[in-house]
Amino acid sequence: MSSEPQSGPTPAPAPGTIPAQPFTEAQREAVYRAIHERRDMRHFSGGEVAPEVLLRLLRAAHHAPSVGFMQPWRFIRVRDAQLRQDIHALVEHERLCTARALGEREEDFMKLKVQGVLDAAEVLVVAMPPGREAHVFGRRTLPEMDVASAACAIQNLWLAARAEGLGLGWVSIFDPEALAALLHMPVGSRPLAVLCLGPVSAFYAEPMLQQEKWASRAPLQDMLYDDFWGQAGAGAQPQA
Ligand SMILES: Cc1cc2nc3c(=O)[nH]c(=O)nc-3n(C[C@H](O)[C@H](O)[C@H](O)COP(=O)(O)O)c2cc1C
């Protein structure tokens, strides 16, 4: 193959394709900024989410990858004030059970703010529909790929929310069966997340659990192996 630079007009992309050009530097920076500045938010400043913004976020979620393209996500927007109170009560109940299950860390856990269900402008429940067993592609040996797919949708929504200047908190402290009953969900469906979404006065500069000294980010180097489990990479010296 010749290494000479090609001259003349850029060939038209093949039908059904988009040229494989990288984003501009500013666009790349924006993508990485959203990734690094996304935070799990539990403090909200009231206000509201404009309908067109909410739609953009939901569209971002709906464009997530999914195993066998099964799209195992449904979004229930909680509009009823009493329903929101009931969800808050479920979360509070499970918070106490979690604290008890933590044993010696019970007291530290109880000091953490782990949800903003009553404070956020919007509450969205992400749930998986019934009938997921019909989707075998990619799930025969790994049935939990439905959960992984729905999590991709939530992550898209989370990053897009950061780009819109909105905070999002993922709450998983609830009894799924109780929440399913509350939301009149059909047999075989499964709620995965209560998302608290809305304006915030500021984003935490680092994970709140790190600020509160509950946990800290592990060095990336500790997560990287070469060839075999546990065999530390010889070459790469990445910063976390
Ligand atoms: C699957 C999942 C479930 C989570 N559930 C909760 C939760 O119930 N309550 C909470 O306060 N944070 C929850 N979080 C947020 C994590 O605590 C948070 O992502 C982590 O501390 C790192 O902080 P960061 O998201 O700001 O980077 C959840 C996150 C994920 C990915």
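Residue by residue through the stretch 43-50, what is 3J(HN,Hα) from phi via Karplus (6.51 cos²θ - 1.76 cosθ + 1.60, θ = phi - 60°)? Round to whole Hz and write x for glycine and proline.
10, 10, 10, x, x, 8, 10, 4
Expressed as a whole percentage, what fraction of the accessible surface of the stretch 128-187 belongs to carbon and sulfur atoms when a 1.4 Å probe is rolled over the protein heavy atoms?
Details: 1920 of 3090 Å².
For the stretch 128-187, the apolar C and S fraction of the accessible surface comes to 62 percent.
As an exercise, find the ratio Rg/Rh for the stretch 61-153 from alpha-carbon atoms, using the Kirkwood inverse-distance average for Rh.
Working: Rg = 16.9 Å, Rh = 15.7 Å.
Radius of gyration over Kirkwood radius for the stretch 61-153 works out to 1.08.
Hydropathy first: keep DSSP H helices in the chain averaging at least 0.5 on Kyte-Doolittle, then drop any whose Cα extent along the axis falls short of 15 Å, and list what survives. Each step should come with its number before you reach the end.
Numbers: long enough: 25-37 (17 Å, -1.03); 51-62 (16 Å, 0.48); 81-101 (30 Å, -0.40); 145-163 (27 Å, 0.87).
Long hydrophobic helices here: 145-163.
Tell me the carbon and sulfur percent of the accessible area for the stretch 1-110, rounded to whole percent, probe radius 1.4 Å.
Numbers: 4560 of 8260 Å².
About 55 percent, which is the carbon plus sulfur part of the accessible surface.
Do any trypsin sites (Lys or Arg not before Pro) in the stretch 107-197 lie in a DSSP loop with no more than 13 other beta carbon atoms within 10 Å, and if so, which? Let's see the in-between values first.
Working: sites: 111, 113, 132, 139, 140, 162; in loops: 113, 139, 140.
Sparse-neighbourhood loop trypsin sites (Lys or Arg not before Pro): 113, 140.
Tell me the mean residue ellipticity at 222 nm calculated for the chain from its helices only (DSSP H runs of n ≥ 4, each -39500 (n - 2.57), averaged over every residue, nearest 500).
Numbers: 7 runs with 82 residues, N = 240.
Rounded to the nearest 500, it is -10500 deg cm²/dmol.
On each of the three principal axes of the Cα atoms of the stretch 153-240, give max minus min coordinate, whole Å, ordered largest first.
Answer, in whole Å and largest first: 53, 37, 26 Å.
Sorting check: for 33-42, 9-18, 144-153, 220-229, which peptide has the highest mean count of neighbouring beta carbons within 10 Å, and how do the rest follow?
Working: 33-42: 16.2, 9-18: 7.3, 144-153: 19.2, 220-229: 9.6.
Those peptides, ordered most packed to least, come out 144-153, 33-42, 220-229, 9-18.
Restrict the search to the stretch 14-55; then list the chymotrypsin sites (Phe, Trp or Tyr not before Pro) that DSSP places in a loop and that have at most 14 other Cβ atoms within 10 Å of their Cβ.
Working: sites: 23, 32, 44; in loops: 23, 44.
When the chymotrypsin sites (Phe, Trp or Tyr not before Pro) of the stretch 14-55 are filtered for loop state and at most 14 Cβ neighbours within 10 Å, 23 remain.
For the stretch 99-200, count the residues as N, evaluate 2.2 N^0.38 Å, and divide the Cα radius of gyration by that value, please. Working shown, then result.
Numbers: Rg = 15.9 Å, N = 102, 2.2 N^0.38 = 12.8 Å.
Output field value: 1.25.
Expressed as a whole number of Å, what is the distance separating the alpha-carbon centroids of the stretch 40-72 and the stretch 176-225?
14 Å
So who's got an amide H within less than 5 Å of the one on residue 41, skipping anything under 5 residues away but keeping other chains? H placed 1.01 Å off N, in plane.
Residues meeting the criterion, in which the H sits 1.01 Å from N, are 168, 169, 170.
Please report, to two decimal places, log10 I(q)/I(0) for the stretch 9-164 at q = 0.11, 0.13 Å⁻¹ as given by the Debye formula with identical point scatterers on the Cα atoms and no solvent.
Results for the stretch 9-164 at q = 0.11, 0.13 Å⁻¹ read -0.64, -0.87.
Please work out the average accessible area per residue across the chain, using the 1.4 Å probe convention, and give it in Å².
Working: 15370 Å² over 240 residues.
I get 64 Å² per residue for the chain.
The values are calculated or read from the model by the stated rules, or taken from the named source; none is laboratory data. Nothing here was measured: the structure is a model prediction, and the numbers come from that model. Glycine also receives a Cβ, built like all others from the backbone with ideal geometry; neighbour counts cover every protein chain displayed. Note: areas computed on protein heavy atoms with side chains; ligands, DNA, RNA excluded. Shrake-Rupley method; radii C 1.70, N 1.55, O 1.52, S 1.80 Å.
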